[in-house]
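The values are calculated or read from the model by the stated rules, or taken from the named source; none is laboratory data. Since this is a predicted model, take the numbers as computed values, not measurements. All Cβ positions, even for glycine, are placed from backbone atoms using ideal geometry, and neighbour counts span all protein chains on display.
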Amino acid sequence: MRGYSAGWHHGRRYCRDLARERGVPCGQAFVPADDAERAIGDYLGHMVLPDDWRARVMSLVREHGKGHDPEADARRIDGQLERLRKVFILGDIGEGEYEQECAQGCCQSVKSATA
């Protein structure tokens, strides 16, 4: 799904399923973003993680962290921040969300540099 800010619908936000672009029939063009977000939240809220999920994740991180390339991480984060800037300029996200996402990207950048 892709989010859209629809000023012509009284400032409501919508999500559009990309099925049609992939040639898959879809009977619903747009869904109010609040409805989609609520459905995703409900789905995720019912997920049950095993008790040792943190230990499993840390084990995978250690296992796959070998050969870590901080320069590649920096390039990836810079690319994400550039795409985020474009989305902000296009008006798809507000200033508060843009600043929050940028701060998270900068934190990731610092963590990668110190790892």
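Points worth noting:
- Residue check, ARG56 assigned to a helix (DSSP H, G or I) and within 21 Å of the chain's Cα centre (by Cα): no
- Residues located in region 1-46, provided they are at pLDDT 80 or above, outside any strand (DSSP E or B) and basic (Lys, Arg): ARG38
- For the condition without any contact (Cβ under 8 Å) to a residue 40 or more places away in the chain and loosely packed, with under 11 Cβ neighbours inside 10 Å, ARG83 qualifies.
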